[in-house]
Amino acid sequence: MTLKKTLTIAGSDASGGAGALADIKTFQEYGTYGMQALTCVATMDPDNGWSHSVYTLPIDTLKAQLKTAISTGIDAVKTGMLPNEEVIQTTAEGIRASGTNNVVIDPVMVCKGEDEVLNPGNVDAMIQYLLPHALVTTPNLFEAGQLAGIKTPKTIDEMKVAAEKIHALGAKNVVIKGGRSLGTEKAIDLFFDGKTFYALEADPVNTNYNHGAGCTFAASITANLAKGLSVKDAVVASKGFVAAAIEHGWQLNQYVGPVMHGAKNIYGAPEITVREI
Ligand code: PXL
């Protein structure tokens, strides 16, 4: 028996909902073999309103982890929180060295609930070093605007403009997570493969317990690509996977409610509709 090998290059969220832990939990749900190269550790202080701190790991620690994991032969890789330009460059070198085309770039710029961008130089570094490797990139609305160099999209038409610009930067497929933020009747994400735009729609879930949703979505795409699904099938399946995870999100404490990463395999996934737009 051999398992498909999935690697996350990301930060660890010590609270377990987002980041590399979300990725590993998700990889496991798909029966793939998860590995990690940690870039930083994010902690939350219960004595100070759950305020975040990010401890960046020494760059040699990242390089040594990448060497370990990549030496085993990777079937798919995803990126998450990358705290500075040096980490972004090192991550790009790791992706190149891995030799896999199954590359999912989740361009994490801020943590949910925090409004400070990790590092202002990161957007340019992601554009220069990471997007050209992306088989799929999964920005939220804010991240899509930043990468595309336009204001944060607020409509489907503005999302299309952003997706085209991000595709032109080298990402072969772009998924912009509109979700509930568009205020539409359905939670809508836009998928662009360079030719056709698709709206992926699910019934919105009225919850604040969605911490880690973005990481879980991108990790699910990564696992599905490792298992050989087409990009479109991987993205659509992952929308179902994360919709179930959000539907069964739960309250960890007074500050945070993570998604339930394994919900789909217990309760099934809600229906996702896909239409060309
Ligand atoms: O959800 C974005 C995110 C990604 N990675 C890490 C995080 C968070 C948000 O908390 O802590 C490590």
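So here's what we get for this one:
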| item | result |
| --- | --- |
| Residue of GLU85, GLU185, GLU247 that the Gaussian network model of the chain assigns the largest fluctuation, springs spanning Cα pairs under 10 Å | GLU185 |
| Relative contact order for the chain, counting Cα pairs under 8 Å that sit 6 or more residues apart, in percent | 17 percent |
| Computed log₁₀ I(q)/I(0) - Debye formula, equal Cα scatterers, no solvent, the stretch 1-83, q 0.15, 0.18, 0.24 Å⁻¹ | -0.55, -0.74, -1.11 |
| Surface per residue (accessible, 1.4 Å probe) for the stretch 154-277, Å² | 45 Å² |
| Under the span-like rule (Cα at least 15 Å along the axis, Kyte-Doolittle mean at least -0.5), DSSP H helices of the chain | 19-29, 59-70, 85-98, 156-168, 213-226, 231-247 |
| Taking all pairs of distinct alpha-carbon atoms in the stretch 147-277, Kirkwood radius in angstrom | 15.2 Å |
| Alpha-carbon centroid distance for the pair the stretch 7-74 / the stretch 139-165, whole angstrom | 27 Å |
| Under the Karplus curve 6.51 cos²θ - 1.76 cosθ + 1.60, θ = phi - 60°, whole-Hz ³J(HN,Hα) for the stretch 199-205, x wherever Gly or Pro sits | 9, 9, 10, 9, 5, x, 10 |
| For the chain, share of DSSP beta bridges that run antiparallel, in % to the nearest 5 | 50 percent |
| Approximate shape of the chain as ellipsoid semi-axes (Cα gyration tensor, √5λ), whole Å, largest first | 24, 22, 20 |
| Rounded D (µm²/s) - the stretch 39-135, Kirkwood Rh over Cα pairs, Stokes-Einstein at 20 °C, 1.002 mPa s | 150 µm²/s |
| Cβ crowding within 10 Å averaged over residues, with 131-138, 28-35, 195-202, 171-178 ranked highest first | 171-178, 131-138, 28-35, 195-202 |
| Choice from ASP124, ASP45, ASP193 with maximal GNM fluctuation in the chain (Cα, 10 Å cutoff) | ASP45 |
| Share of carbon and sulfur in the accessible heavy-atom surface of the chain [1.4 Å probe, %] | 49 percent |
| Overall dimensions of the stretch 177-221 as given by Cα atoms, namely Rg and Dmax in Å | 11.5, 35 |
| Of ASN208, ASN253, ASN48, the one that fluctuates the most in a GNM where the chain has Cα springs shorter than 10 Å | ASN48 |
| Square roots of 5 times each gyration tensor eigenvalue, C-alpha, the stretch 128-176, largest first, Å | 17, 10, 9 |
| Sequence ranges 56-67, 14-25, ranked by mean other-Cβ count within 10 angstrom, highest first | 14-25, 56-67 |
| Bins of 5 Å, starting at 0 and running to the largest distance - Cα pair percent for the stretch 202-277 | 3, 18, 25, 25, 16, 9, 4, 1, 0 |
| Shape metrics for the stretch 110-197, restricted to C-alpha atoms - Rg then Dmax, Å | 12.5, 37 |
| Overall dimensions of the stretch 235-277 as given by Cα atoms, namely Rg and Dmax in Å | 12.1, 41 |
| Ratio Rg/Rh, restricted to the stretch 99-159 and using Cα atoms, in which Rh is the Kirkwood radius | 0.98 |
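The values are calculated or read from the model by the stated rules, or taken from the named source; none is laboratory data. Computed from a predicted model, the values in this text were never measured in an experiment. We place every Cβ from the backbone using ideal geometry, glycine too, and count neighbours over all the protein chains shown. Note: accessible area is taken over every heavy atom of the protein model, side chains too, but ligands, DNA and RNA are not part of it. Shrake-Rupley method; radii C 1.70, N 1.55, O 1.52, S 1.80 Å.
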